[in-house]
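The structure appears right after this line, and notes come after that.
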Amino acid sequence: MHFSSDKTLDDGVLEREFSLGEIPGILWTPPSPPSPLILLGHPGGLRAMYPRLVGRAQHSAANGFAAATIELPGSGDRIRSADAEQARADLRRALAAGEPVDEIVDRLIIPLVEKAVPEWQTTLDALLALPEIRGPVGYSGGVIAIGVRLARIEPRIAAAGLFAGSFVPGIMFDEARQVTIPIRVLLQWDDEGNDRQLALDLFDAFGSQEKTLQANMGGHTGVPQFAGDDAARFFARHLT
């Protein structure tokens, strides 16, 4: 892990950009480490997502957690996948025409999960080797299929707060049934890009004994402030 820059934000949080091979990322640590870690998932485009990511990281730091994120394969400045670009184009066309999209979603999301999850695990190896970071670890955000896979296979993740609002291949329902860690799913009820029933069915599929669904009125970016406070309490129960 190579740190390329660092700056201290107004609230005392230390922000450091890093690279791990070809994987770029950002680490935020609160003023009083060592700290439990929350991995911040997002749909890609690290620079475009930065204002929302830094807000989430500062909120996490205020509750005593370090936070880290990485750029997804094929996003931002990373090399594009021709297959993924074609799948995105096919998906836009099918949605506009009202055609079935299951096969296209599989082509787009499953390869992304297969590439992104090992990168998250490699990043987690490097982060937990730092003296300012300690376990346990949480995962927060989307793409929800990536979060499902990590929740199923990564033993160092103790709890996951997942954001509904992205497409979910059918195979992920089988994986969700094998998830046993505490799960919290955030659903925006009026998210125009989300299949609400699919999100509800996925929540129902999780095998966790503790699972919570928080559904709020509003669109994709209309998440209320108190939802972040509720998420902080969820992670405080399981990471401290």
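Each reported figure results from applying straightforward, stated rules to the coordinates on display, with no laboratory input. What you see is a predicted model, and the numbers here were worked out from it, not measured in a lab. Neighbour counts are summed over all protein chains in view; Cβ atoms, including those assigned to glycine, are modelled from backbone coordinates with ideal geometry.
Taking the Cα centre of segment 1-135 as reference, the dipole from Cβ charges on Lys and Arg (+1) and Asp and Glu (-1) amounts to some 240 debye.
For segment 140-234, GluC sites (Glu not before Pro) meeting the loop criterion (DSSP other than H, G, I, E, B) and having at most 15 other Cβ atoms within 10 Å: E192, E210.
Using only the C-alpha atoms, the convex hull of segment 1-137 corresponds to 119 Å³ per residue. Backbone geometry of segment 144-152 corresponds, through the Karplus equation with coefficients 6.51, -1.76 and 1.60 at θ = phi - 60°, to 3J(HN,Hα) couplings of 4, 5, 5, x, 4, 4, 4, 4, 7 Hz, x marking Gly and Pro. Of the residues P43, Q197, A231, the one whose Cα sits farthest toward the positive end of the charge dipole of the chain, with +1 on the Cβ of Lys and Arg and -1 on the Cβ of Asp and Glu, is A231.
Relative to the Cα centre, the charge distribution of the chain, modelled as +1 at Lys and Arg Cβ and -1 at Asp and Glu Cβ, gives a dipole magnitude of about 420 debye. Approximating the spin labels as points 7 Å out from Cα along Cα→Cβ, the R196-to-F173 distance works out to 1.9 nm.
With the charge dipole of the chain set up from +1 on Lys and Arg Cβ and -1 on Asp and Glu Cβ about the Cα centre, the Cα lying farthest toward the positive end among the listed residues A145, F3, Q188 is that of F3. Can you check what the net charge comes to around R16, using other residues whose Cβ is under 12 Å from the Cβ of R16 (Lys, Arg +1; Asp, Glu -1)? Around R16, the charge tally is -3.
For the chain, find the longest principal axis of its Cα atoms and tell me its angle to the long axis of helix 225-239, 0 to 90°, nearest 10. So the helix axis and the longest Cα principal axis differ by about 70 degrees.
On a C-alpha basis, how far is the centre of segment 3-35 from the centre of segment 108-174 in Å? Whole number, if you could? Answer, in whole Å: 20. Shown is the FRET efficiency for R233 and D11, computed with R0 = 22 Å from the Cβ-Cβ distance and rounded to the nearest 0.05: 0.65.
By the count of neighbouring beta-carbon atoms within 10 Å, fewest first, K115, K7, K211 end up ordered K7, K115, K211. Helical runs assigned H by DSSP (4 residues or longer) give the chain a calculated mean residue ellipticity at 222 nm of -13500 deg cm²/dmol, each run adding -39500 (n - 2.57) before division by the residue total.
Taking Lys and Arg as +1 and Asp and Glu as -1, the other residues whose beta-carbon sits under 11 Å from that of G219 total -3.
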